[in-house]
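A.B. asks: Here's a structure for you.
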Amino acid sequence: MWRTDTAAGLNMGDESSEIILNAEPWEHKTDLLIDSVPEAAQRFEESGGTILPGPFDIPIGQAAVVRDPWGNEFVLLDTQKGLLDTDAEGNVDNT
């Protein structure tokens, strides 16, 4: 679907799922796409989770790193700013 110098997004065959491959180390492995990071982070915390960094801005919207009561960490992200622009070969246009 898209690629940068250090990452690529692969379509999983439907419009709602993708796998992201990173060439650089990244400690958080599971991203959950949601409608609104601030709202989801608040609900996550109210349900017993912990908000680590975030919410913070990312190129496509906002993100937050959260930890559930069992110690699992996830990244919540939304696309409120819109998806990344790509050229015909899927390269992210950074202009």
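A.B. asks: What is the number of the single condition among (1) surrounded by 13 or more Cβ atoms within 10 Å (Cβ to Cβ); (2) part of a loop (DSSP other than H, G, I, E, B) that Ala64 does not meet?
C.D. replies: Among (1) surrounded by 13 or more Cβ atoms within 10 Å (Cβ to Cβ); (2) part of a loop (DSSP other than H, G, I, E, B), Ala64 violates only (2).
A.B. asks: Can you pull out the residues in region 1-60 that are touching a Leu at 6+ places or on another chain (Cβ under 8 Å), of a type outside the set (Val, Ile, Thr) and modelled with pLDDT under 70?
C.D. replies: Ser16, Glu18, listed by residue number.
A.B. asks: I need the full set of residues from region 68-82 which are among the charged types (D, E, K, R) and in contact with a helix residue (DSSP H, G or I) (Cβ under 9 Å, 6 or more places away or on another chain), in order please. Before the answer, list the steps.
C.D. replies: Step one: filter region 68-82 for residues among the charged types (D, E, K, R), giving 68, 73, 78, 81.
Residues satisfying the conditions are Asp68, Asp78.
A.B. asks: Next question, about the same structure. Considering only residues that are charged (D, E, K, R) and under 21 Å from Ala7 (Cβ atoms), look in region 67-95 and name the one that is surrounded by the most Cβ atoms within 10 Å (Cβ to Cβ). Reasoning before the result, please.
C.D. replies: Initially, region 67-95 is screened for residues charged (D, E, K, R), giving 67-68, 73, 78, 81, 85, 87, 89, 93.
Subsequent filtering for residues that are under 21 Å from Ala7 (Cβ atoms) retains 73, 78, 81, 85, 87, 89, 93.
Values: Glu73: 15, Asp78: 21, Lys81: 12, Asp85: 11, Asp87: 9, Glu89: 6, Asp93: 9.
By that ranking, first place goes to Asp78.
The values are calculated or read from the model by the stated rules, or taken from the named source; none is laboratory data. What you are looking at is a predicted structure, and each value in this text was computed from that prediction instead of being measured. Heads up, the Cβs are rebuilt from the backbone with ideal geometry, glycines too, and the neighbour counts pull from every protein chain shown.
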